[in-house]
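Everything below concerns the one structure shown next.
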Amino acid sequence: MFEVLLNSVLLSNGEKIAYRERAGGDKNVLLIHGNMTSSVHWDLVIENIAPEFKVYAVDLRGFGESSYNQPIDSIMDFSNDLKLFVDEIGLRDFSLVGWSLGGAVAQQFCADYPGYATHLFLLASASSRGYAYFETGTDGFPVTSNRLETLEQVKQDGKTKVVQNAYDTKNFELLKQTWDMLIYREDKPDQARYEKYLADMTTQRNLAETYQVLNIFNLSNVHNGLTEGQDKIKNIGIPVIIAWGDEDLVVTKQMTDELIEDYGEKAIYKELTGSGHSPLIDDLDNLLGIMEDFFSKQTKAQ
């Protein structure tokens, strides 16, 4: 098994970005995690992807071992950090993978900074039109007629308060119940791995801000009900895969259809049958096969 190193770099904006690095061949892969996670949750991919790939997995600002000196107010804060990060370590010509929140970050990065990534892999990704945050009803379900608009509204909403309190009190049982219900469909991590994941969740320091930057994110050319689109998908000229599990309860089919519509012929769609929001657990072998095949296709950063 390859050694995985935990490193960090200080960016010119004063943030420290932690990252995991696994030795490999001459094909670089950069992994971006989702909300409520960090690079810790990429462990199975890092451990099992083919040896021809050299793997990097970052902790976004406010997650894991990275700093949170300046609060985020847009997805671009994450993607700009990523640009500073790859410049700092001299990383070029890499396949970029974004899971969930990481998919929004990866899209923004590729749109704003062409010439770095050679492939874009969107895994259970937030829509190119954002991830709407609706008021949480008394029954615990979203009130889809009331989309929240401000960070303060999101901070005061019931879902944010419940998750934040679970973080603050280290209520691992509640977090596990949530993930068992919403994330894992076909399988679950082994006990030791699951305990590691749960502890990692509580390192997040920007829960409400992350909900809100996803709420206002919009890379498309249409209004998403809250914000006007940036119309930047046209800037992405590299091969794209949109991969989504048909039992995903977090990223909906509608959100995925928005990605498919917005990317059009730029993207290939791969449906992961029987998988939920974490194909890393539900469908690892199939996921790795799709990733390795896609990354092995020769192309240049554009």
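Worth pointing out:
- Accessible area per residue, Å², the chain with all protein chains present, probe 1.4 Å: 42 Å²
- Only lysine pairs 8 or more places apart or on separate chains count here, and in the stretch 110-213 those with Cα atoms under 17 Å apart total 8.
- Cross-link reach list, aspartates and glutamates versus LYS253, counting only Cα pairs under 17 Å and skipping chain neighbours closer than eight places: GLU261, ASP262, GLU271
- Restricted to Cα atoms, the stretch 149-302 shows a radius of gyration and a Dmax of 17.9, 48 angstrom.
- Reported to the nearest whole Å, the Cα centre-to-centre distance from the stretch 234-302 to the stretch 105-123 is 13.
- Normalised contact order of the chain, rounded percent, pairs of Cα under 8 Å and 6 or more residues apart: 20 percent
- Burial ranking of peptide ranges 91-99, 161-169 (average Cβ count within 10 Å, highest at the top): 91-99, 161-169
- Span from the the stretch 168-190 Cα centroid across to the the stretch 85-102 one, whole angstrom: 28 Å
- Taking the DSSP bridge list for the chain and keeping only pairs wholly inside it, about 35 percent are antiparallel.
- Approximate shape of the stretch 90-219 as ellipsoid semi-axes (Cα gyration tensor, √5λ), whole Å, largest first: 27, 22, 13
- In this structure, HIS223 and LYS266 have a Cβ-Cβ separation that, at R0 = 25 Å, corresponds to a calculated FRET efficiency of about 0.70.
- Global form of the chain, assessed from the alpha-carbon gyration tensor, a/c cut-off 1.5: rounded
- Sorted largest first, extent of the stretch 1-145 alpha carbons per principal axis (Å): 51, 33, 27
The values are calculated or read from the model by the stated rules, or taken from the named source; none is laboratory data. Just so it is clear, the model here is predicted, and its values are computed rather than measured. Every residue, glycine among them, receives a Cβ derived from its backbone with ideal geometry; neighbour counts consider all protein chains shown. Heads up: the accessible areas ignore ligands, DNA and RNA and are worked out on the full protein's heavy atoms, side chains in. Shrake-Rupley method; radii C 1.70, N 1.55, O 1.52, S 1.80 Å.
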